[in-house]
Amino acid sequence: MHQNNYNKQLNGFARHLRKASTFSEIKLWSSLLKNKLTGYTFLRQRPIDNYITDFMCRKLKLVIEVDGYSHNFKYEEDIIRDERLAELGYKTLRFHDEEVMQNLENVERTIIFEMKERERLLNLESKVVSNFD
C-alpha cells in the first residue's frame, strides 16, 4: 500500500465498478465532479486502504459516497468504513441515490460547502468553483 493509502490490489475491482456505475453516480460525476468543474480533481472508484470509494479528492481528503438500495442493509459496515477513512484523514459525505436523482442541486450545494470547509480546515488556498456563490 502506498503512502497515500492507495491499495493497488483493488485496482481490478475498482475498474469493474467504474464500468458498472449507477445512474446516480454518473449523474453526479457528469454534473459536478468530472474535469475539475469544482476546481479540484476527483477520482472515481478510488481504492483507499481496504475500501473502494465512489469519488475521492486527494487534495481535500474528501470522499463522496452515493449509496443505493444495498446500503440500507450495510449501515454498520458503512460506519466502520467511515471511521477508518476518518482515521486516515478523510471526510466522507454520503448521499442516497434518490437524493442525487431527485435533488441534485442540493447535493451539489452540500458538496461545495464541504469542499470550502475542507479548504479552511486544511489551510488550503481557496479555489473551489461554484455556481452557488
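Quick look at the numbers
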read-out: Footprinting exposure proxy for Leu124, Leu85, Leu28, Leu93 (fewest neighbouring C-beta atoms within 10 Å first); value: Leu124, Leu93, Leu85, Leu28
read-out: Low-density loop positions, chymotrypsin sites (Phe, Trp or Tyr not before Pro), region 66-133 - DSSP coil, at most 13 other Cβ in 10 Å; value: Phe132
read-out: Contour minus Cα-Cα distance for Ser30 and Met101 (0.36 nm per residue); value: 24.3 nm
read-out: Computed FRET value (nearest 0.05) for Arg58 with Thr110, which takes r as the C-beta separation and R₀ as 22 Å; value: 0.65
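Read the figures in this text as sums done on the coordinates, not as results from a lab. Computed from a predicted structure; not experimentally measured. Note that each Cβ is placed from the backbone with ideal geometry, even for glycine, and that neighbours are counted across all protein chains shown.
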